[in-house]
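In what follows, a structure is listed as structure tokens, so that the remarks can point back to it.
The values are calculated or read from the model by the stated rules, or taken from the named source; none is laboratory data. Remember, predicted model here, so these are calculated numbers, not experimental data. Note: ideal-geometry Cβ built from the backbone for every residue, glycine included; neighbour counts use all protein chains shown. These area figures cover heavy atoms from the full protein model, side chains too; ligands, DNA and RNA do not enter into them. Shrake-Rupley method; radii C 1.70, N 1.55, O 1.52, S 1.80 Å.
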Amino acid sequence: MGKPVREYLLTLCITAAVTYLLTGPVRKFAIVAGAMPEIRARDVHREPTPRLGGIAMFFGLCAGLLVADHLTNLSEAFDSNEPRALLSGAALIWLIGVLDDKFEIDALVKLGGQLIAAGVMVMQGLTMLWLPVPGVGQVLLTSWQGNLLTIALVLITINAVNFVDGLDGLAAGMVCIAATAFFMHAYRIWYGYGLEAAAPAALFAALLMGMCVGFLPHNMHPARIFMGDSGSMLIGLVLAAGAISITGQVDPDAMGLFAGSEKAAVHQTVPVYMPLLLPLTIIAVPAADLVLAVVRRTWRGQSPFAADRGHLHHRLLEIGHSHSRAVLIMYFWSALIAFGALAYSVNEASMWVALGVAALSAVGLVLLLLPRFTPRAPRWAEAFVPPRYRRRISAGPRQEGVVTEGDPGAEGTEPPARVTVGVAGANGATAVGERSRFGPRGDGGREKAGSSRT
């Protein structure tokens, strides 16, 4: 099993290296091409930032597929038509994303493009043939049922990833975590049970990890480039393709898990229906954000595609978390759900897994309830840490950033009518007065409709 792991690692590294090396030139190209939209009311970043990062990610995907096709063990994944179907759908969705990053195309046009990309993959064989259902077994799907379910899963995953891409490094990091969990599960099905039908899913997950790892150094806060819709929709489609492949193409009966007592069979068949649950747990946080956004906008009488500032990451910023901490909290919950589900599928002591997940969930809740907690480094280490972790030295009573109306120290004068104090934020920045965390807005708090910041 060591040689396949090395080949997967080589594919991941090639994909990451190509993505990383191309992102710099792509950034320059985006600036020249004018793919740097103005700051919008709902945006978190302060300066115009180029998009089109998905161009580098797409060429990283192509390079990874080319290398994998020439490797001994990974070439088995190309015995099926699934890699070709993935590349066809990815090329279409990437092209639509590039056009949106440059020209801001309508949301319904993007939805139509997503349907076409999903349909192309279905026509080339990447579709669900059956559905493993706990307690029922393998349910054979008709052609139209499988195609409809495949297209629905692709659309949900693409838009869930696109919606969550609102902070620097958030979408790429969360998808990388999801791809890691998914790779471990697909690799176990392939080599643990000897099912070659799981090879394409494992390959897709390795490619997805490489794309995200290669792009993240350019996208971490403060981001030098955004992946844009060309990147967010691309990685969402690759993630959906892996889920569809291992769920609808791997035959559960080939695992031979249906012997023995009923209690043993219930536990042993967890790997059978786990592919049905794991994709849902992997995108649980983005999917929850997607559902809440649709409900929120519909309740207000707006279009479900109208952008706003009520996403989960926006709320984390509003309650006082810094940009970096909000991203890390989202990483934490994504990893907890994805790896918790994966651990439950492989560990017989499922009660201990449930207790561990519950304990980590309590830790996550504590982190959510302590938005103002900022650890301070010892004085001897202040030179080696960012400014926000250094101890602040208080100035005199008349420090800059404090404006007092009236003089409380003089006799016969009234107390100051208003005191405006420079309050240090979670990142060490100073906001004077009641300035919004997200900067001034001239629309009275209302936000303009449009696509999400990607």
Margin query: Please compute the length gained on full extension between Ala152 and Leu292, using 0.36 nm multiplied by the number of residues separating them and subtracting their Cα-Cα distance.
Written below: 48.6 nm
Notebook entry, point to check: Given a 1.4 Å probe and the protein chains all in place, what does the accessible area of Val139 round to, in Å² to the nearest 10?
Noted result: 50 Å²
Next item on the list: For segment 148-165, just list the computed ³J(HN,Hα) in residue order, Karplus coefficients 6.51, -1.76 and 1.60, θ = phi - 60°, integers in Hz, with x standing in for Gly and Pro.
Entry: 5, 5, 5, 4, 4, 5, 5, 5, 5, 5, 4, 6, 5, 5, 5, 5, 7, 7
Next item on the list: Taking the Cβ of Arg27 as the centre, find all other residues whose Cβ is under 11 Å away and add up their charges (Lys, Arg: +1; Asp, Glu: -1).
Entry: +3
Check: Which FRET efficiency value, to the nearest 0.05, is calculated for Ala358 and Lys28 with the Förster distance at 56 angstrom and r the Cβ-Cβ distance?
Finding: 0.70
Checklist line | Solvent exposure, largest accessible area first (probe 1.4 Å, DNA, RNA and ligands not counted), of Phe182, Phe59 | finding: Phe59, Phe182
Margin query: Given a 1.4 Å probe and heavy atoms of the protein chains only, how would you sort Ile337, Ile319, Ile177, largest accessible area at the top?
Written below: Ile319, Ile337, Ile177
Note to self: Check which residues have an amide H placed less than 5 Å from Trp130's amide H, if you skip close sequence neighbours.
What the structure shows: Leu141
Margin query: Please list, in order along segment 64-71, the HN-Hα scalar couplings obtained from phi with the Karplus expression 6.51 cos²θ - 1.76 cosθ + 1.60 (θ = phi - 60°), rounded to whole Hz, x for Gly and Pro.
Written below: x, 5, 5, 5, 4, 5, 9, 9
Note to self: Could you work out how much longer the chain between Thr72 and Leu21 gets when fully extended? Use 0.36 nm per residue separation minus the Cα distance between them, nm to one decimal.
What the structure shows: 15.7 nm
Check: Short version: ³J(HN,Hα) in whole Hz for each residue of segment 182-189, in order, from phi by Karplus 6.51 cos²θ - 1.76 cosθ + 1.60 (θ = phi - 60°), x for Gly and Pro, what are they?
Finding: 5, 4, 4, 5, 5, 5, 5, 5
Checklist line | Net lengthening on full extension, Leu129/Val109 (0.36 nm per residue, minus Cα-Cα) | finding: 4.3 nm
Margin query: Give me the 1.4 Å probe accessible area per residue for segment 47-178, excluding ligands and nucleic acids, in Å².
Written below: 39 Å²
